[in-house]
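**Student:** Pasting a structure below so you can have a look.
The values are calculated or read from the model by the stated rules, or taken from the named source; none is laboratory data. As the structure is a computational prediction, the values presented were derived from the model and not from experiment. Note that each Cβ is placed from the backbone with ideal geometry, even for glycine, and that neighbours are counted across all protein chains shown.
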Amino acid sequence: MTTPRLGLRANLAQFGLLVAVNALVGGTLGQERTVLPLLADRVFHLTAHTAALTYVAAFGLTKAATNYVAGAWSDRVGRKPVLVVGWLVAIPVPLLLIWAPHWGWVVAANVLLGVNQGLTWSTTVIMKIDLAGPDRRGLAMGLNEAAGYLAVAGTALATGYLAARYGLRPAPFLLGLSYTALGLGLSLLLVRDTRAHAHLEARGHAETTGRKVFTRTSFTEPALSAVSQAGMVNNLNDGLAWGLFPVLFATAGLSLSQIGVLAALYPAVWGLGQLVTGPLSDRWGRKHLITTGMLTQAAALALVAVGESFAAWALAATLLGIGTAMVYPTLLAVVGDVAHPTWRARAVGVYRLWRDGGFAVGALLAGLAADRYGLRAAVWAVAAVTAASGLLVAMRMYETHRRT
């Protein structure tokens with residue numbers, strides 16, 4: 001058996017494979033970004049925004065809970081088995097979306113999608129942190145999240161064009177089915193477990209309990225608790241973008257192709273930006289990138305709320321992608337900085353529990369605000385929450401990168 005070594009260069013082949021696997025994870029999520037809000041409106045005729053956003057809430061709640069389980073299971077049974085199970089759960093998702101006779105099937109599909117994303121994305125994050133070692137976590141997370149969200153963007157764009165040419169079903173979801181088959185095959189045949197790398201980094205240190213990890217990550221440790229709330233708010237506004245932006249753009253008269261471009265632009269800038277912001281956080285530190293990123297997101301959401309044209313919303317989507325790129329890999333790097341290798345996988349699971357719980361909170365907040373006050377008022381509400389989150393990071397978090 002080969003002795004594990006830490007570092008990106010020493011583990012380049014396996015790290016690159018995991019980047020490719022995470023791109024497929026992102027593509028599986030991206031199959032819904034353009035098409036599902038329009039299915040709710042045009043096929044299932046859901047007039048209440050709160051009802052239409054039930055699929056986002058179901059996804060967020062399930063993914064949040066699964067993230068926590070994935071962290072614990074990764075420590076207990078290893079990373080690879082959790083990854084493989086996550087891909088198996090994804091198989092029915094596109095089939096349910098293709099054949100759904102009523103909205104309940106769509107919600108059920110998103111419960112399974114939440115389990116898939118929680119298991120697969122969590123384990124690829126944990127495995128890359130294991131392989132990278134302590135010095136290049138920002139770069140590792142930038143590459144991981146860039147791959148995932150560039151795939152979200154590319155798939156959102158592709159499904160928009162497929163839907164415009166062939167209809168909302170089944171063509172867009174056949175792409176998701178192919179991603180699942182490829183991801184399962186790669187994970188089964190080529191991915192190797194990385195738990196030994198975490199054990200190597202953790203030599204000579206004591207274990208800690210799951211309850212202590214949850215409390216420390218959620219509430220008592222200043223940096224971990226600050227990034228947990230920032231992660232939740234980040235995905236709160238992502239849930240808004242996923243569920244309501246296509247509806248807002250459609251009511252303004254944009255075409256399906258234009259909506260697909262806007263749905264892809266935000267995660268594309270987000271994905272590409274992380275190739276810069278991830279390694280940048282290894283040089284400049286974590287705190288100021290997170291604070292500035294949250295405030296940039298708030299400004300972008302305000303621009304969405306006042307926008308009236310494709311050009312204005314394209315600018316807002318670009319700005320939102322830049323702000324999210326500053327935040328997303330950096331938050332995960334903070335968890336890697338602070339959490340010890342003996343409980344790091346569980347800390348990642350707790351952080352991702354709070355972060356992806358933001359999808360459910362965002363769906364509820366945005367849906368209620370949109371039904372009561374209108375779509376633009378919902379966007380303003382989420383912009384205010386995002387700005388407050390950035391200020392909280394500025395006040396509570398300390399710098400965690402040891403070089404800084």
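**Student:** Examine region 25-33 for a residue that is over 14 Å from LEU244 (Cβ atoms) and of a type in the set (A, V, I, L, M, F, W, C), and state whether such a residue exists.
**Tutor:** There is at least one residue in region 25-33 that is over 14 Å from LEU244 (Cβ atoms) and of a type in the set (A, V, I, L, M, F, W, C).
**Student:** Still on this structure, I have one more. Restricting the search to region 45-54, which residues are exposed (fewer than 15 other Cβ atoms within 10 Å of the Cβ) and not in a helix (DSSP H, G or I)?
**Tutor:** Once the filter is applied, which keeps residues that are exposed (fewer than 15 other Cβ atoms within 10 Å of the Cβ) and not in a helix (DSSP H, G or I), region 45-54 yields HIS45, THR47, ALA48.
**Student:** Quick one: would you say ARG137 is crowded, with 24+ Cβ neighbours inside 10 Å, over 13 Å from VAL19 (Cα atoms) and out of contact with any strand residue (DSSP E or B) (no Cβ under 6 Å at 6 or more places or on another chain)?
**Tutor:** Yes: the conditions hold for ARG137.
**Student:** In region 350-380, how many are under 24 Å from GLY118 (Cα atoms) and among the aliphatic types (A, V, I, L, M)?
**Tutor:** Number of matching residues: 8.
**Student:** What pairs come up if the first residue lies in region 298-314 and is within 19 Å of PRO267 (Cβ to Cβ), the second is β-branched (Val, Ile, Thr) and surrounded by 18 or more Cβ atoms within 10 Å (Cβ to Cβ), and their beta carbons are under 7 Å apart, counting only those six or more places apart or on different chains?
**Tutor:** ALA298/THR386; LEU301/VAL379; LEU301/VAL382; LEU301/THR386; VAL304/VAL379; TRP313/VAL304
**Student:** Might you check whether a residue that is of a type in the set (D, E, K, R), surrounded by 15 or more Cβ atoms within 10 Å (Cβ to Cβ) and over 24 Å from the mean Cα position of the chain (by Cα) occurs anywhere in region 213-223?
**Tutor:** Looking for residues that are of a type in the set (D, E, K, R), surrounded by 15 or more Cβ atoms within 10 Å (Cβ to Cβ) and over 24 Å from the mean Cα position of the chain (by Cα), one finds none in region 213-223, hence no.
**Student:** Now, a different point. Of all residues in region 1-34, which are surrounded by fewer than 17 Cβ atoms within 10 Å (Cβ to Cβ) and outside any helix (DSSP H, G or I)?
**Tutor:** Listed by number, the residues that qualify are MET1, THR2, THR3, ARG5, GLY7, ARG9, ALA10.
**Student:** Taking region 97-110 as the region of interest, how many residues are over 18 Å from VAL25 (Cα atoms) and either in contact with a strand residue (DSSP E or B) (Cβ under 6 Å, 6 or more places away or on another chain) or in a helix (DSSP H, G or I) (or both)?
**Tutor:** Qualifying residue count, region 97-110: 8.
**Student:** Tell me which residues, restricted to region 96-118, are buried (at least 19 other Cβ atoms within 10 Å of the Cβ) and not hydrophobic (A, V, I, L, M, F, W, C).
**Tutor:** Of everything in region 96-118, those that are buried (at least 19 other Cβ atoms within 10 Å of the Cβ) and not hydrophobic (A, V, I, L, M, F, W, C) turn out to be ASN110, GLY114, ASN116, GLN117, GLY118.
**Student:** Further question: Among the candidates THR324, THR318, THR296, single out the residue that is buried (at least 24 other Cβ atoms within 10 Å of the Cβ), hydroxyl-bearing (Ser, Thr, Tyr), farther than 16 Å from THR400 by Cα and in contact with a helix residue (DSSP H, G or I) (Cβ under 7 Å, 6 or more places away or on another chain).
**Tutor:** The unique qualifying residue is THR324.
Residue-by-condition table, conditions (1) among the hydrophobic types (A, V, I, L, M, F, W, C); (2) surrounded by fewer than 23 Cβ atoms within 10 Å (Cβ to Cβ); (3) in a helix (DSSP H, G or I); (4) touching a residue at least 40 places away in the same chain (Cβ under 8 Å):
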{"site": "VAL82", "(1), (2), (3), (4)": "yes, no, yes, yes"}
{"site": "LEU88", "(1), (2), (3), (4)": "yes, yes, yes, yes"}
{"site": "THR120", "(1), (2), (3), (4)": "no, no, yes, yes"}
{"site": "THR123", "(1), (2), (3), (4)": "no, no, yes, yes"}
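**Student:** Is one or more of the residues making up region 252-268 at pLDDT below 95 and more than 19 Å from ALA153 (Cα to Cα)?
**Tutor:** Yes: region 252-268 contains one or more residues that are at pLDDT below 95 and more than 19 Å from ALA153 (Cα to Cα).
**Student:** Also, quick follow-up: Keeping to region 13-51, report how many residues are in contact with a Gly (Cβ under 7 Å, 6 or more places away or on another chain) and among the hydrophobic types (A, V, I, L, M, F, W, C).
**Tutor:** Residues that pass the stated criteria total 4.
**Student:** Can you tell me which residue is modelled with the lowest pLDDT among those in region 161-203 that are part of a helix (DSSP H, G or I) and among the charged types (D, E, K, R)?
**Tutor:** Checked region 161-203; the qualifying residue modelled with the lowest pLDDT is GLU201.
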